Each structure stands twice: as C-alpha cells, then as structure tokens.
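Encoded as structure tokens, the structure appears first; notes follow it.
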Amino acid sequence: MKYRYYIADVFTRQIFNGAQIAVLPQSNGLNTETMVAIAKELNLPETVFLFPGQGAGSGRRMRIFSPLGEIQFGGQSIVAAAYVMAACGDIALVDPVTPLLLEQNVGVIEANISSVGGKPTLVQFSRSISAVVDRFAPSDEELAQFLGLQIADLDHKKYSPRLVSCGFPYLVVPVWSYESVRKARFNYSAWSQSSAPQTAAQEILLFAPKSPNPEADFTLRLLGPNIGMHEDPPVGSATPAFCSYLCSFEHTRKGTHVFAVERGHHAGRRSLIQLEMDNKQQEYLTVRVGGQAAIFAEGTIDLSD
C-alpha cells in the first residue's frame, strides 16, 4: 500500500521558514503502530494522519504524532492539514471562506480556509477554552538559573510568571526583550533543584512584548526538560494558554483583541501566528488562531513489503 505525504512549512508564507509538519491526507488502513513508526522515520515535530470524519458534514478525523508518541492537540497541525487538503484538491474551495471540521483527540475543532482564485491563503481555527491559572511560580533566582538568564532580564512591571493550563500546563515567564528570549538556555540541573517541578509544568513558555519584526506584537519560545537545548519547537499549541495568561491580568481590557506572535529567529526559521481573543472575563475564552502555510515537499511512503 502506498501513501502520499506532504511536508508543509506552517505559520509562514515562504518555504524554509515556520514549523515543518508532515500531512498524510489519506491514511485509511494505517494502525497506531504504523503511524508511530512513520512519525519516527520522518522525524518532524508533528506528523498528521487524516481519516474520514466520524460525524456528519465534511469533516476529517486527524491523529497527530511526534517522534516521541501521540499528541492530543496540535494547533500548527490544524493549519498544515487544512492547507494541504485544500492545496492538493481534497477540499473544494468554491467560496472565499470554506468551513472545515477537524476531529482531534480533544474534540472537534472548527476551522475556516480563506482562499483567492481557488487557492488557500489563510487557515484560522477557533477554540473555546477554560483555563486554570495559578499565580504560584518559582522565585526570580530559580527562574534565572534554569533559564540561563540574569534576574534583570525578567519582567515584573506589566506581567509576572504564572502557571497556565488548558489541559496541558505551561509555566509562562515574561522577559523584557527579544534578545533575552533568544539567549535563554535551559539548565536541567537548576530546574530539578528548584520548586518548578512541583508546578507540574513540563514546558516553559518564555515571551517578550517586543520584536525586531514590526508584524509581531510578542516573541514566544518554548523550553523545558524534554526540549533539546538548541531546539526551537512550534508554539501553535501553546497559544490558547498564552491568550488565557494575558486575560488573567486585570489591565487586559474586556473586548476583542487582535495581535500577532512570532517564534524563531528573525534571521532564520521563523513563524508568525495571527491571534484573536474575546476577553469577556468569563470562565470560557474564545480564541481564534490563524496562519499561512507553504508546501515544501511531497512524496510517497511504500508499505507494500
């Protein structure tokens, strides 16, 4: 049996940028063991397997795997899957905006594909989330030690470190500058000796409200004990938690906020994510995440033997 796959660069307009995601538009017949093996072989941050949807409508069932195992929710995978299906003709783009339902392990995600002349331009998905926000955080000394930064790099003027979970916990840490985000280096020894493991967070979402890129309002980066020192993983799945974090501060006004966040080095591989959040200061927060994509490569996986 042969399976077609595409590699998309997500949250970017150009190849060699953004997050690399593999998508198999037609995955019928693949079992979990084989999907795990394919994800390990491709060795990309995420590999998406698409199946016919189980519910009514024009939806698809998607399963997402990293080289380490299955992922319950993938934001960048939604953009990659929708863009690939639209670009390769699996979804007809008749109207300027085409709705799509994608069933992930966390539930059904509503997405919209914007197009011009029958070609996809932007994919946006929405989520209604309920977050748990805990103001407990390690001390500044601990944070600086396991992030490889100086205490002066940490920002306490407008924001403060907080634990945020929308199903997966992140320790969100603000710093002053883009340079601080980029120079941070995770120190596992200092982490293990700090109070951080008690927070249950296994990933740190480091951010700064500045960027050399005029299109971006925030710079984001993920670090942690399961992330390599020189890795810069995609942040799409962390954006709902980041929006919940922003809304946990009283100075964040009620209403709809539209802004952009970036991930990666401005001179290297970089992602730009468009965000909208409806801050009603209620239990549930509606977040819309949007981005572009470009198909970098396509090929065939031959499982005949």
Does Ser77 count as within 28 Å of Asn279 (Cα to Cα), open to solvent by less than 10 Å² (accessible area, probe 1.4 Å) and of a type in the set (Ser, Thr, Tyr)? yes
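The rows are residues; the columns are (1) in contact with a Phe, Trp or Tyr (Cβ under 9 Å, 6 or more places away or on another chain); (2) assigned to a strand (DSSP E or B).
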| position | (1), (2) |
| --- | --- |
| Phe207 | yes, yes |
| Ser211 | yes, no |
| Pro214 | no, no |
| Leu246 | yes, no |
| Phe259 | yes, yes |
| Glu262 | yes, yes |
| Met277 | yes, yes |
| Glu298 | yes, yes |
Which condition number does Ile71 fail, the rest of (1) closer than 25 Å to Ala241 by Cα; (2) open to solvent by less than 20 Å² (accessible area, probe 1.4 Å); (3) among the β-branched types (Val, Ile, Thr) being met? (2)
How many residues of the range 1-55 are surrounded by fewer than 21 Cβ atoms within 10 Å (Cβ to Cβ), more than 22 Å from Gln124 (Cβ to Cβ) and not charged (D, E, K, R)? The answer is 20
Filter result for the condition that a residue is closer than 20 Å to Glu298 by Cβ, touching a helix residue (DSSP H, G or I) at 6+ places or on another chain (Cβ under 6 Å), hydrophobic (A, V, I, L, M, F, W, C) and in contact (Cβ under 8 Å) with a residue 40 or more places away in the chain, over Ile78, Ile64: Ile64
I'd like the full set of residues that are surrounded by fewer than 20 Cβ atoms within 10 Å (Cβ to Cβ), under 29 Å from Met85 (Cβ atoms) and either touching a residue at least 12 places away in the same chain (Cβ under 8 Å) or among the aliphatic types (A, V, I, L, M) (or both), limited to the range 244-269. Thr256, Val258, Phe259, Ala260, Arg269
Of the residues that make up the range 2-24, is at least one among the small types (Gly, Ala, Ser) and either in a helix (DSSP H, G or I) or over 25 Å from Gly268 (Cβ atoms) (or both)? no
Within the range 179-202, which residues are more than 15 Å from Gly148 (Cα to Cα) and buried (at least 17 other Cβ atoms within 10 Å of the Cβ)? Thr199, Ala201
Scope the range 203-218; condition farther than 21 Å from Val133 by Cα and crowded, with 19+ Cβ neighbours inside 10 Å; matching residues: Ser211, Ala216
Applying the selection to the range 287-300, what residues are over 18 Å from Ala19 (Cα atoms), buried (at least 17 other Cβ atoms within 10 Å of the Cβ) and not hydrophobic (A, V, I, L, M, F, W, C)? Arg288
Of the residues Ser160, Ser165, Ser126, Ser139, only one is farther than 28 Å from Asp9 by Cβ, within 21 Å of the chain's Cα centre (by Cα) and among the small types (Gly, Ala, Ser); which? Ser165
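The values are calculated or read from the model by the stated rules, or taken from the named source; none is laboratory data. From a predicted model like this one, the values you see are computed outputs, not experimental measurements. Cβ coordinates were reconstructed from backbone atoms using ideal geometry, including for glycine residues, and neighbour counts include every protein chain displayed. In case anyone asks, the SASA skips ligands and DNA or RNA and just uses the protein heavy atoms, side chains included. Shrake-Rupley method; radii C 1.70, N 1.55, O 1.52, S 1.80 Å.
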